[in-house]
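Contents: one structure, followed by commentary.
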Amino acid sequence: LNRLYITEKKYYKDHPEYFGLTPYGTRGVEMEDGFPKFIRYCSKVCVSNEGVVDQRIADWEKDGCPWLLIAGETDGLLGYCRCEKCRALDADLPGEPFLSNKTDRYLNFWNRIAAKARALRPDVEVRVFLYSVLRHPPRREKVAYPANMLCSYVPSYHDRDIAGEVAEWKRRGMKHFY
């Protein structure tokens with residue numbers, strides 16, 4: 001199955017720098033005893049690390065460069081990278097909580113994946129998932145390859161203007177939604 005999961009189980013020993021920096025200064029999932037075990041092997045990645053993009057492309061190439069490249073992130077609110085480079089990709093508003101909006105950092109990451117994938121297969125479809133703290137339209141970034149990116153948009157029950165958010169995504173370059 002073609003997916004983004006850069007799992008701790010598979011990569012942590014050789015590439016701990018692939019994983020999100022926690023508030024405690026360690027890389028990997030923010031864990032507490034008793035937390036569901038499956039989360040331990042699906043932590044967030046350090047999206048500013050070009051090695052993560054290269055690893056994703058290398059894994060996709062091993063799969064034979066299929067037309068679909070899934071670039072979504074693992075589920076949950078734990079583990080978003082707090083390193084300086086990832087924080088520099090954020091477009092937070094003054095005083096905004098850390099977990100309000102991580103869209104700009106991820107759109108930057110997805111654009112870098114799409115650029116490298118298109119160089120190998122121009123008709124690639126990079127599929128991304130817009131939900132939780134990634135569902136809000138980007139504030140600074142734009143979709144670099146609109147013809148090659150498809151997003152699954154999942155609004156929250158807290159969202160008041162879903163049509164407005166989708167319209168703003170379209171203004172930022174996203175053409176294909178489901």
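Couple of notes before you dig in:
- Heavy atoms of Thr26: accessible area, 1.4 Å probe, square angstrom to 10: 70
- Amide proton proximity set for Val126, modelled H, under 5 Å, gap of 5+: Leu69, Met149, Leu150
- Net charge over other residues, Cβ less than 13 angstrom from the Cβ of Asp54 (K, R count +1; D, E count -1): 0
- Computed accessible area, Leu21, all protein chains, 1.4 angstrom probe, square angstrom: 40
The values are calculated or read from the model by the stated rules, or taken from the named source; none is laboratory data. All values derive from a computational prediction rather than experimental measurement. Reconstructed Cβ throughout: ideal geometry from the backbone, glycine too, with neighbour counts over all protein chains shown. Surface accessibility is based on the protein's heavy atoms, side chains included, excluding ligands, DNA and RNA. Shrake-Rupley method; radii C 1.70, N 1.55, O 1.52, S 1.80 Å.
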